[in-house]
1. Please express the Cα-Cα pair-distance distribution P(r) of region B:1-41 as a list of whole percents, one per 10 Å bin, running from 0 to the bin with the greatest distance.
2. How far is the Cα center of region B:60-108 from the Cα center of region A:14-57, in Å?
3. Based only on the alpha carbon positions, what is the Kirkwood hydrodynamic radius of region B:62-151, in angstrom?
4. Nearest 100 Å², what total accessible surface is buried between chain B and chain A (probe 1.4 Å)?
5. Determine the distance separating the Cα centre of region B:130-151 from the Cα centre of region B:20-45; give it in Å without decimals.
6. In debye, nearest 20, what is the charge dipole magnitude of chain B about its Cα centre with +1 on Lys and Arg Cβ and -1 on Asp and Glu Cβ, if you could check?
7. For region B:1-158, what does the equivalent ellipsoid look like in terms of its semi-axes, each the square root of 5 times an eigenvalue of the Cα gyration tensor, given largest first in whole Å?
8. Give me the net charge for the shell around B:P179: Cβ to Cβ below 13 angstrom, other residues only, Lys and Arg +1, Asp and Glu -1.
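The values are calculated or read from the model by the stated rules, or taken from the named source; none is laboratory data. Just so it is clear, the model here is predicted, and its values are computed rather than measured. Here the Cβ positions follow ideal geometry from the backbone for every residue, glycine too, while neighbour counts run over all protein chains shown. All accessible areas refer to the heavy atoms of the entire protein, side chains included, with ligands and DNA or RNA removed. Shrake-Rupley method; radii C 1.70, N 1.55, O 1.52, S 1.80 Å.
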Amino acid sequence: MSKPYLRPYQKPQKLSDYPLGTASEAGYLVTKNSGWRNERPIITDECINCLQCYLYCPDGVIFKTESGLDIDYDFCKGCGICERICPKQAIKMEVETND
Amino acid sequence: MRNQITAKTITDSEFFYGHKACAGCGGSLAVRIALKVLGEGAISVLPAGCMSAVGFNYPHLCFSNNSIISTFAGTASMLTGVEAGARAVGIKNFKAVGLAGDGGTADIGIQALSGAIDRNDDILYICYDNEAYMNTGIQKSGLTPFGAKTTTTPSGENIHGNLRPKKNLFEIVAAHDIPYAATASIGNLKDFMNKIEKASKIKGTAYIHVVAPCPIGWGIPVNETIEISQKMMDCGLWYLAEYENGQFKLNRNPSEFSSIKDYLLSQSRFKHLEDADIKILAAQRDAKWTTIRKNWNTAEEDL
C-alpha cells in the first residue's frame, strides 16, 4: 500500500530558495486537514468490516488494518459520509475537541 | 461472470490524498475511485476546475501518480499529446486519463473532446458532473438542470432558476460513434468502478460521465452527498447506461420512480420551484425514459 504522505517543508528564506517552476514530486504533502473538522468519526465494535466507509470516503482516510479499520485523523474532514453509509450504524460522530 | 472490482479487491493504495476539497465533496470521491481502479500507471490531466484547484497547491501535491494541469479548453487535446508522448518514449502500461468537470467538458472543452474522439485516440475521459461551475462560485454550465438556481440563473418572481434543460452529453459523445461511453454516479461506486475498469481496456477513446454532487452548490448537508446521488437515480433524473458497438444499453431499469419532488426540494438550489416547474421536469423525465425504453437494450446484464 502506498499513498501521498507528509514531508518536512521549510518556507523559502531567500530568493534562491524559490523553485523555478511549480512542478514537484508527486504525493508530496506538507499540511494536515484535521483543523477543518467539527466532528470526528469513531469506529465502534459494531463494525462488521464491510468496507463501505472505506470505499465511499471522499478523502480516502479510512484504511484497513490487521484487526479491522482505522481512520487517519490528520486528513479526515469530518464530513460524516462514513456514518451515513454504514449499514450497522457502527460509526459515531463525536464533537471535535482538537486535542 | 467476469471478476468484478469491489471494496475488497480494489487496491489499498491511495492516489489522491490530502486534497483540499470541501468536506463531503462528490468530485473528489469520483477522482479518488477512478485513480484507485486505474492504478499507478494512470497519467492524469486536469483542466481548471475544482479538482486541479484542490489537488495542486504547491508544494502540497495530492496526486501520487503523474498528473498535470491542462488549459481549460484543452483536457482532451493534452490527453492526445500525453498518450502519444508516453508511447513515443517507450512507457508501457500507462493510461492517459482526463478528469474534468461539467463546465470544462460540456462547454469549454467540448471541441477538444470531439476532436479526440474523432481521431479515436487511446485515452479515457472522465467528466465529473456537479451540474455547475462550482469552483468559481456556482455559475450555470451546460449541464445545469432546468430550474436550478445558480449565481447566473437566479430565482425570482419571473424566472425560476435555469431556463434550459441539461445538455445530454452522454448521447452527444455517443453520436461520434465512440468505442465506449457510459454514465455513472458516485451513488453506485460498484457500477462506476467496473465501468472504469472496462473503459481502461478499450482500444480507442472511452468516455465516462459520472454524477458527483457538490454539497455547497446543491445546498445539501455535507454528509448527504451519496444519498442525494442515489435519490437522483431513484427518481429517474439520472440513469446508468452504456454505449458500445453502436448500441445503447440501460444498466438499471427501475420499475417505478421515487418522488421527484422529494429529490428536488431536499436541495436549496431547487427550493423555489413551484408545482408547475416540477411538472415540467417530470414530463421531461417521462419523455426521456419512454424513448430509452423504446430504443435501447433494457435487459439488465452484468457490465
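1. 26, 50, 21, 3
2. 23 Å
3. Working: mean 1/r = 0.0711 Å⁻¹.
So the Kirkwood estimate lands at 14.1 Å.
4. Details: alone 13380 and 7710 Å², together 17770 Å².
Answer for the B-A pair: about 3300 Å² buried.
5. 21 Å
6. On the way: 30 positive and 30 negative charges, 47 e Å.
Taking the Cα centre of chain B as origin, the dipole is about 220 debye.
7. Numbers: eigenvalues 154, 76, 48 Å².
For region B:1-158, the semi-axes come out at 28, 19, 15 Å.
8. In short, -2.
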